[in-house]
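One structure is given below, represented as structure tokens, and several questions about it will come after.
The values are calculated or read from the model by the stated rules, or taken from the named source; none is laboratory data. In this text the structure is predicted, and so the values were computed from the model without any measurement. Cβ placement follows ideal geometry from the backbone for every residue including glycine, while neighbour counts extend to all protein chains displayed. For accessibility, only protein heavy atoms count, side chains too; no ligands or nucleic acids. Shrake-Rupley method; radii C 1.70, N 1.55, O 1.52, S 1.80 Å.
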Amino acid sequence: TPRDSYANSQQDQDIPNSPSASSPFLGNAEKAERRAPEYTVVENPPRKGARRPLYRRPLVWLLALVALAVVVLAVVLPVYFVVIKPKHHNSAAAVIGGGSGNPESPSGATSGGDGSTIKAADGSTFTYSNSFGGYWVDDPKDPFNNAARPNSWTPPLNTSWTWGTDHVYGVNIGGLFVLEPFISPALFQKYPGTVDEWTLSEAMAADTSSGGGLQAQLEQHYDTFITEQDMAQIAGAGLNWIRLPIPYWAIETWEGEPFLAKVSWKYILRLIGWARKYGLRIYLDLHTVPGSQNGYNHSGKQGQVNFMAGIMGLANAQRTLDYIRIITEFISQPEYRDVVPLFGIVNEAYVHAIGQDQITSFYLRAHDMIRNITGYGEGNGPYIAIHDGFLGVSKWADFLPGSDRVVLDTHPYFAFDGQPNDAPLVADDGLGEPGGVWPKQACNSWGASINNSQTAFGVTVAGEFSNGYNDCGLYLTGVLNSPTYKGDCTPFNDWQNYNATFKQGLMNFALASMDATQDWWFWTWKIGNSSTSGVVEAPLWSYALGLANGWMPADPRRAVGKCAALGANIAPFAGTYAAWQTGGAGAGTIAPSARETFGVWPPATLSSLPAGVPVAVLPTYTPTGVVATLPPPQLTPQVKQGDGWFDAGDTAGAMTPVAGCTYGDAWDSAAQPTPTAAC
């Protein structure tokens, strides 16, 4: 099989999962596993004057039998509903342990609820604060135990998630594995002139001073920017999903690409383990692709769009399909499919530059490849998320009818819509509270369109939104750019001096945004400090900062009904999707008309090509290379797990340059000579 894992080269860098922690919390499943008590019949008669043995008192004996029956029901029914009934494939034994090292716990698991003590991998401890009925589960003997849940209204990981009934209250883990200047400004401030991860990687690699170097600095960031305590706090905040952006260079890089290859993967695995421990589902998002899908700094390199556009657009799409395939193979394994039920295959492709027909052809190609790996229908691999490409959700109505479990992701922001956005947040929102026009505008701008899309497209979510109704914030519009906001940004960035009225205005805007989008991930959980001021300078984008300082809700369920209270005209979604949209009858039977229009690969035309250049002469790769598979975690103690490749029948090679062909810069199509014939 033309696959190659880099596990061996990473052995000395393995990071074990957090050790188990003590807890008095005892789950129903563990109770069911305990041995029944042993009873001994007393042969000798009782002493004179002693009480009559209970087993010889008929009435007491009858009451004991009734009590025993109640106990049995109390144990068996929860086990049935929590462990046996769940529909999803469950690779882990759904056993919740009963305390630190309890010998009667067959799995040796520990678990805990509100107030329990957690010991992190570095030896530190913290108290788990969760007033919503959530509980964590840590099982060293079964590290793929999916019994945890973040709160009482969210199904445990080993129980089915039902779109339309269950709702996402989530946050992004932005800036951890894909660096952004406004999220981690100190990294960029250290190297003036760096504007994206490409230039930052070059600068770090060239820094040979003490504390310099690319790998040392990025590993320090991966290891410390988001910790296990962050994940526990996310669950404790009433949230139930995270969206996790990852780069393609977690898998590999090609010659000339300066990114740190492969090293982030072990930290990605660690974070997946933390999500599992606290019952958080993951929307895994491929945030970068070769050549850049949008030209933004968070695609890896700021500037051109060279994915599905330009001379190298097709070749870059071929590489991207490989990386989607490799990730799909990993997360479709039984150990991961319950904790990673949603996979975003390309973040924010800039469809204005690519073309909707062209990107749809790519999406169909990716859909078929993914489902050939996972199989079709509910429970077979993740849902597939595509972004609306900045066209708006209505442009994607009737997308590939009969496709299998595709989610439309939209990122509604007022900060980047080109409007003045100077209406005061402290003005009356119409209900006698601060917020001004912004809460109702969020409802009216986003609520109706997303609700309509639930029917016209299928499952529609907001993978990103924020409190940033203007573009104030350090580096928010890029290192070298200034905000377009015409006023003074100081009042928005100076969060230490927010007054109660401004905080309540932000709160009302956040609640309205949540209610309008229904299934949402706030961008982002955490913003790092500026190295010059020592504080966060883009506060409207940090959920954690708002939660700690009173402008984000302690309970996200407060958002429900906010738009109705504001008088927004939103027709509610009934909550039921067509069967094929959620993996039921008809899933995978794509309409022949859609296949006729979009099923030809590569598409007949690409945008941004020199006049008269046909797709047939564009540079392409050949699938004869060795596939760089993603290795599983190295666990202590060792347990049986997959090798990172779900479908043993998927034996095709990886894309690699054709021998004898000359390729230009995959990240700079504008500088390529015009091809005249295929190589």
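Step by step: first the residues of the range 319-337, then only those that are charged (D, E, K, R) and open to solvent by 10 Å² or more (accessible area, probe 1.4 Å), then the one that is farthest from Val406 (Cα to Cα). Which residue is that? Before the answer, list the steps.
Let us first name the residues in the range 319-337 that are charged (D, E, K, R), namely 319, 322, 325, 329, 335, 337.
So of that shortlist, the ones also open to solvent by 10 Å² or more (accessible area, probe 1.4 Å) come out as 322, 325, 335, 337.
Numbers: Asp322: 19, Arg325: 16, Glu335: 22, Arg337: 16 Å.
That would be Glu335.
Considering every residue within the range 401-414, establish whether at least one is open to solvent by less than 30 Å² (accessible area, probe 1.4 Å), part of a loop (DSSP other than H, G, I, E, B) and among the acidic types (Asp, Glu).
Within the range 401-414, one or more residues are open to solvent by less than 30 Å² (accessible area, probe 1.4 Å), part of a loop (DSSP other than H, G, I, E, B) and among the acidic types (Asp, Glu).
Pick from the range 134-149 the residues that are in a loop (DSSP other than H, G, I, E, B) and among the hydrophobic types (A, V, I, L, M, F, W, C): which of them is surrounded by the most Cβ atoms within 10 Å (Cβ to Cβ)?
Step one: list which residues in the range 134-149 are in a loop (DSSP other than H, G, I, E, B), which gives 134, 139-148.
Among the residues that remain, those that are also among the hydrophobic types (A, V, I, L, M, F, W, C) are: 144, 147-148.
Values: Phe144: 23, Ala147: 30, Ala148: 26.
This residue is Ala147.
Let me ask something else. Could you look through the range 637-679, keep only residues that are of a type in the set (D, E, K, R), open to solvent by 50 Å² or more (accessible area, probe 1.4 Å) and in contact (Cβ under 8 Å) with a residue 24 or more places away in the chain, and pick out the one that is nearest to Asn294 (Cα to Cα)? I'd like the intermediate steps shown before the answer.
Within the range 637-679, the first condition is being of a type in the set (D, E, K, R), and the residues that meet it are 640, 643, 647, 650, 665, 668.
From the residues that got through so far, the ones that are open to solvent by 50 Å² or more (accessible area, probe 1.4 Å) too are 640, 643, 665.
From the residues that got through so far, the ones that are in contact (Cβ under 8 Å) with a residue 24 or more places away in the chain too are 643, 665.
Details: Asp643: 33, Asp665: 17 Å.
Among residues in the range 637-679 that are of a type in the set (D, E, K, R), open to solvent by 50 Å² or more (accessible area, probe 1.4 Å) and in contact (Cβ under 8 Å) with a residue 24 or more places away in the chain, the one nearest to Asn294 (Cα to Cα) is Asp665.
Further, regarding this structure: Confirm whether Gln233 is open to solvent by 10 Å² or more (accessible area, probe 1.4 Å), touching a residue at least 12 places away in the same chain (Cβ under 8 Å) and in a helix (DSSP H, G or I). Even if it seems obvious, please write down each step before you answer.
Working: open to solvent by 10 Å² or more (accessible area, probe 1.4 Å): yes; touching a residue at least 12 places away in the same chain (Cβ under 8 Å): yes; in a helix (DSSP H, G or I): yes.
Here the answer is yes, as Gln233 does meet what is asked.
If you don't mind, another one. Identify all residues within the range 542-554 that are open to solvent by 30 Å² or more (accessible area, probe 1.4 Å) and assigned to a loop (DSSP other than H, G, I, E, B); write none if there are none.
Gly550, Ala554 - these are the residues of the range 542-554 that are open to solvent by 30 Å² or more (accessible area, probe 1.4 Å) and assigned to a loop (DSSP other than H, G, I, E, B).
Follow-up. Can you name every residue in the range 367-391 that is part of a helix (DSSP H, G or I) and in contact with a Gly (Cβ under 8 Å, 6 or more places away or on another chain)?
Ile370, Arg371, Ile373, Thr374
Given the condition touching a residue at least 24 places away in the same chain (Cβ under 8 Å), within 26 Å of the chain's Cα centre (by Cα), in a loop (DSSP other than H, G, I, E, B) and surrounded by 18 or more Cβ atoms within 10 Å (Cβ to Cβ), answer yes or no: does some residue in the range 495-515 qualify?
There is no residue in the range 495-515 that is touching a residue at least 24 places away in the same chain (Cβ under 8 Å), within 26 Å of the chain's Cα centre (by Cα), in a loop (DSSP other than H, G, I, E, B) and surrounded by 18 or more Cβ atoms within 10 Å (Cβ to Cβ).
Could you tell me which residue of the range 347-367 is surrounded by the most Cβ atoms within 10 Å (Cβ to Cβ), considering only residues that are out of contact with any Asp or Glu (no Cβ under 8 Å at 6 or more places or on another chain) and either of a type in the set (Gly, Ala, Ser) or more than 20 Å from Ala315 (Cβ to Cβ) (or both)?
Ala349
Under the condition of being hydroxyl-bearing (Ser, Thr, Tyr) and modelled with pLDDT under 95, which residue from the range 606-640 is nearest to the chain's Cα centre (by Cα)? Write out each step before concluding.
First, pick out the residues of the range 606-640 that are hydroxyl-bearing (Ser, Thr, Tyr): 607-608, 620-622, 624, 629, 636.
Of the ones still in play, those that are also modelled with pLDDT under 95 are 607-608, 636.
Numbers: Ser607: 31, Ser608: 32, Thr636: 26 Å.
Top of the filtered list is Thr636.
Scan the range 253-282 and report the pairs whose first residue is within 20 Å of Ile118 (Cα to Cα) and whose second residue is assigned to a strand (DSSP E or B) and of a type in the set (A, V, I, L, M), with Cβ atoms within less than 7 Å and a gap of 6+ or a chain change.
The qualifying pairs are Leu271/Leu244; Ile272/Ile282; Ala275/Ile242; Ala275/Ile282; Lys277/Val137; Leu280/Ile242.
Is it true that Ser131 is at pLDDT 95 or above, open to solvent by 20 Å² or more (accessible area, probe 1.4 Å) and either in a loop (DSSP other than H, G, I, E, B) or out of contact with any Gly (no Cβ under 8 Å at 6 or more places or on another chain) (or both)? It would help to see each step written out before you state the result.
Working: at pLDDT 95 or above: yes; open to solvent by 20 Å² or more (accessible area, probe 1.4 Å): yes; either in a loop (DSSP other than H, G, I, E, B) or out of contact with any Gly (no Cβ under 8 Å at 6 or more places or on another chain) (or both): yes.
So Ser131 passes the test.
Let me ask something else about it. Can you work out which of the residues in the range 150-166 that are part of a loop (DSSP other than H, G, I, E, B) and either of a type in the set (Phe, Trp, Tyr) or touching a Cys at 6+ places or on another chain (Cβ under 9 Å) (or both) is most open to solvent (accessible area, probe 1.4 Å)?
The initial filter retains those residues of the range 150-166 that are part of a loop (DSSP other than H, G, I, E, B), namely 150-162, 164-165.
Right, trim to either of a type in the set (Phe, Trp, Tyr) or touching a Cys at 6+ places or on another chain (Cβ under 9 Å) (or both) and you get 153, 161.
Values: Trp153: 64, Trp161: 25 Å².
Checking each candidate, the answer is Trp153.
Could I ask something else about it? Need the failing condition index for Gln302 against (1) among the polar types (S, T, N, Q); (2) within 28 Å of Ile234 (Cβ to Cβ); (3) surrounded by fewer than 21 Cβ atoms within 10 Å (Cβ to Cβ), just the number.
With (1) among the polar types (S, T, N, Q); (2) within 28 Å of Ile234 (Cβ to Cβ); (3) surrounded by fewer than 21 Cβ atoms within 10 Å (Cβ to Cβ) applied to Gln302, the lone miss is (2).
Further, regarding this structure: Let me confirm something: among Leu284, Leu280, Leu269, Leu239, which residue is at pLDDT 95 or above, in contact with a helix residue (DSSP H, G or I) (Cβ under 9 Å, 6 or more places away or on another chain) and farther than 24 Å from Thr127 by Cβ?
Of the residues listed, the single one that is at pLDDT 95 or above, in contact with a helix residue (DSSP H, G or I) (Cβ under 9 Å, 6 or more places away or on another chain) and farther than 24 Å from Thr127 by Cβ is Leu284.
Ok, one more. Within the range 555-605, restricting attention to residues that are β-branched (Val, Ile, Thr) and part of a loop (DSSP other than H, G, I, E, B), which residue is modelled with the lowest pLDDT?
The first filter runs over the range 555-605 and keeps only residues β-branched (Val, Ile, Thr), leaving 560, 570, 576, 582, 589-590, 597, 600, 605.
Imposing the further condition that a residue be part of a loop (DSSP other than H, G, I, E, B) reduces the set to 560, 570, 576, 589-590, 600, 605.
Numbers: Val560: 95, Ile570: 85, Thr576: 94, Thr589: 97, Ile590: 97, Val600: 95, Thr605: 94.
Among them, the one singled out is Ile570.
Name the single residue, out of those in the range 456-475 being open to solvent by less than 30 Å² (accessible area, probe 1.4 Å) and either in contact with a Lys or Arg (Cβ under 7 Å, 6 or more places away or on another chain) or hydroxyl-bearing (Ser, Thr, Tyr) (or both), that is modelled with the lowest pLDDT.
Residues of the range 456-475 that are open to solvent by less than 30 Å² (accessible area, probe 1.4 Å), as a first pass: 457-473.
From what is left, the residues that are either in contact with a Lys or Arg (Cβ under 7 Å, 6 or more places away or on another chain) or hydroxyl-bearing (Ser, Thr, Tyr) (or both) are 460, 463, 466, 469.
Details: Thr460: 98, Gly463: 98, Ser466: 98, Tyr469: 94.
Filtering the range 456-475 for residues that are open to solvent by less than 30 Å² (accessible area, probe 1.4 Å) and either in contact with a Lys or Arg (Cβ under 7 Å, 6 or more places away or on another chain) or hydroxyl-bearing (Ser, Thr, Tyr) (or both), the one modelled with the lowest pLDDT comes out as Tyr469.
How many residues, within the range 422-455, are touching an Asp or Glu at 6+ places or on another chain (Cβ under 8 Å) and open to solvent by less than 30 Å² (accessible area, probe 1.4 Å)?
Selection size over the range 422-455: 7.
Return yes when Tyr485 is outside any helix (DSSP H, G or I), at pLDDT below 95 and either touching a strand residue (DSSP E or B) at 6+ places or on another chain (Cβ under 8 Å) or open to solvent by 10 Å² or more (accessible area, probe 1.4 Å) (or both) and no when it is not.
yes
When you go through Phe177, Phe144 one by one, which is the residue that is of a type outside the set (S, T, N, Q), in contact with a Pro (Cβ under 7 Å, 6 or more places away or on another chain) and closer than 23 Å to Ala120 by Cβ?
Details: Phe144 fails: in contact with a Pro (Cβ under 7 Å, 6 or more places away or on another chain).
Going through Phe177, Phe144 in turn, the sole match is Phe177.
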